[in-house]
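Here's the structure, in structure tokens; my notes come after.
The values are calculated or read from the model by the stated rules, or taken from the named source; none is laboratory data. As the structure is a computational prediction, the values presented were derived from the model and not from experiment. Heads up, the Cβs are rebuilt from the backbone with ideal geometry, glycines too, and the neighbour counts pull from every protein chain shown. Note: areas computed on protein heavy atoms with side chains; ligands, DNA, RNA excluded. Shrake-Rupley method; radii C 1.70, N 1.55, O 1.52, S 1.80 Å.
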Amino acid sequence: MNLHFMILSEENNEISKRGWELFEALRKKVRLEPRYNGYYIVIDVDSGEYFLDKTESGALAKAKEKLGDKKFFVHKCEFF
């Protein structure tokens, strides 16, 4: 395994871990369910800022417009 892949993999794991923590906190704080069921949420793991849209591309576009081109945590809100 090359070093570049290992670094990216570790970075992605940290983004995922932090993203899930923020998502769970937002679920309770913002009461995402059931209002945003089926929406996509994009979370900036550095600031905790989040963006919601009915499409993944729409949520990402909102995030990139405000925060630039960086890595985000992306999740489809599906509550059962």
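So, in region 39-55, exactly how many residues are crowded, with 18+ Cβ neighbours inside 10 Å, assigned to a loop (DSSP other than H, G, I, E, B) and without any contact (Cβ under 8 Å) to a residue 24 or more places away in the chain?
Residues meeting the conditions: 0.
Examine region 14-21 for a residue that is modelled with pLDDT of 90 or more, open to solvent by 70 Å² or more (accessible area, probe 1.4 Å), assigned to a loop (DSSP other than H, G, I, E, B) and not aliphatic (A, V, I, L, M), and state whether such a residue exists.
no
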